[in-house]
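The values are calculated or read from the model by the stated rules, or taken from the named source; none is laboratory data. Predicted model only: the values in this text are computed from it and were never measured. Every residue, glycine among them, receives a Cβ derived from its backbone with ideal geometry; neighbour counts consider all protein chains shown.
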Amino acid sequence: MSILRIEGVQKTYESGQTTFQALTDIGVRVEKGEIVVILGPSGSGKSTLLNAIGGIDVVDSGSIIVNGNDITQLNDRKLVDYRREEIGFVFQMYNLIPNLTVYENIELTANISPNALSISEVIEAVGLSGMEDRFPRELSGGQQQRVSIARAVVKAPKLLLCDEPTGALDSATSKEILQLIEKVNKEFDTTVLIITHNQAIRSMANRVITLKDGKIESDEVNEHQTSAEGVEW
């Protein structure tokens, strides 16, 4: 079953006299439970596409249908509900609240989510048991990203959108984070989209979509999928 269908999406940005075509006639289908890696260099449109799926950027035309609902037709209030209830975000730079503990950072999201999972269960799942009372400054980069993932997952989102989730981490920690994302995908039946410029990450995906200059260059099933543990830099 397709949890995400994108059809004919276009997005342009204007700056003074210049118009930049960020996305051109994008069409994508993502099936429930898939891990999809969206590859592309800087400027390829991958972040714009992820933000459009997340209801952050508004597209010029086309449809983005998530779980049967076309989010391009939603008003601002409904988009807030959509982001709160349907989408989990994981960012490269963690975006944790520095004066809240691990537990409180996760709890903040759980409290506004109608279908929130058990905070303790999620903390255990991401390997942070015993660190609930620590502040972000007391954590390593990898541990902070684990909190970021837990904060996103506790919402029980339909889609987990990961924007360069290993971009600020060393290779060993990056592999740990990819294994955690894979674990979340399997244990919580969460559909995952990962955008990255790192070709190595493609090996763990069910499907790989490559963007270039705002267009889909390829959309391929990964015939040789490996576990995240097998990802080699």
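Details
- Residues that are aromatic (Phe, Trp, Tyr) and either touching an Asp or Glu at 6+ places or on another chain (Cβ under 9 Å) or exposed (fewer than 13 other Cβ atoms within 10 Å of the Cβ) (or both), drawn from the range 61-90: PHE89
- The C-beta contact set for the range 11-36 (first residue without any contact (Cβ under 8 Å) to a residue 24 or more places away in the chain and under 15 Å from ALA52 (Cβ atoms), second residue small (Gly, Ala, Ser) and surrounded by 14 or more Cβ atoms within 10 Å (Cβ to Cβ), distance under 8 angstrom, 6+ apart or interchain) comprises TYR13/ALA22.
- Residue match in the range 106-128 (condition: touching a helix residue (DSSP H, G or I) at 6+ places or on another chain (Cβ under 7 Å), under 26 Å from TRP233 (Cα atoms) and buried (at least 22 other Cβ atoms within 10 Å of the Cβ)): yes
- Of all the numbered requirements in (1) under 19 Å from ALA52 (Cβ atoms); (2) within 14 Å of the chain's Cα centre (by Cα), ILE216 misses one, and that requirement is (2).
Quick grid of which residues meet (1) surrounded by 22 or more Cβ atoms within 10 Å (Cβ to Cβ); (2) not in a loop (DSSP other than H, G, I, E, B):
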residue	(1), (2)
GLY142	no, yes
ALA150	yes, yes
LYS155	yes, no
LEU160	yes, yes
THR166	yes, no
GLN179	no, yes
LEU193	yes, yes
GLN225	no, no
GLU229	no, yes
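- Residue in the range 1-21 that is nearest to the chain's Cα centre (by Cα), counting only those that are of a type in the set (A, V, I, L, M, F, W, C) and at pLDDT below 95: MET1
- Looking only at the range 108-140, and only at residues there that are in contact (Cβ under 8 Å) with a residue 40 or more places away in the chain and assigned to a helix (DSSP H, G or I), the one that is nearest to the chain's Cα centre (by Cα): THR109
- Condition broken by LEU169, with the remaining ones in (1) over 25 Å from GLY43 (Cα atoms); (2) modelled with pLDDT under 95 satisfied: (1)
- Selection from the range 47-62 of residues that are modelled with pLDDT of 95 or more and of a type in the set (D, E, K, R): ASP60
Residue-wise test of (1) touching a His at 6+ places or on another chain (Cβ under 6 Å); (2) acidic (Asp, Glu); (3) in contact (Cβ under 8 Å) with a residue 60 or more places away in the chain; (4) under 23 Å from ARG29 (Cβ atoms).
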| position | (1), (2), (3), (4) |
| --- | --- |
| LYS158 | no, no, yes, yes |
| LEU161 | no, no, yes, yes |
| GLY167 | no, no, yes, no |
| THR173 | no, no, no, no |
| GLY214 | no, no, yes, yes |
| GLU220 | no, yes, no, yes |
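- Residue in the range 91-100 that is surrounded by 15 or more Cβ atoms within 10 Å (Cβ to Cβ), assigned to a strand (DSSP E or B) and either among the β-branched types (Val, Ile, Thr) or touching a residue at least 24 places away in the same chain (Cβ under 8 Å) (or both) present: no
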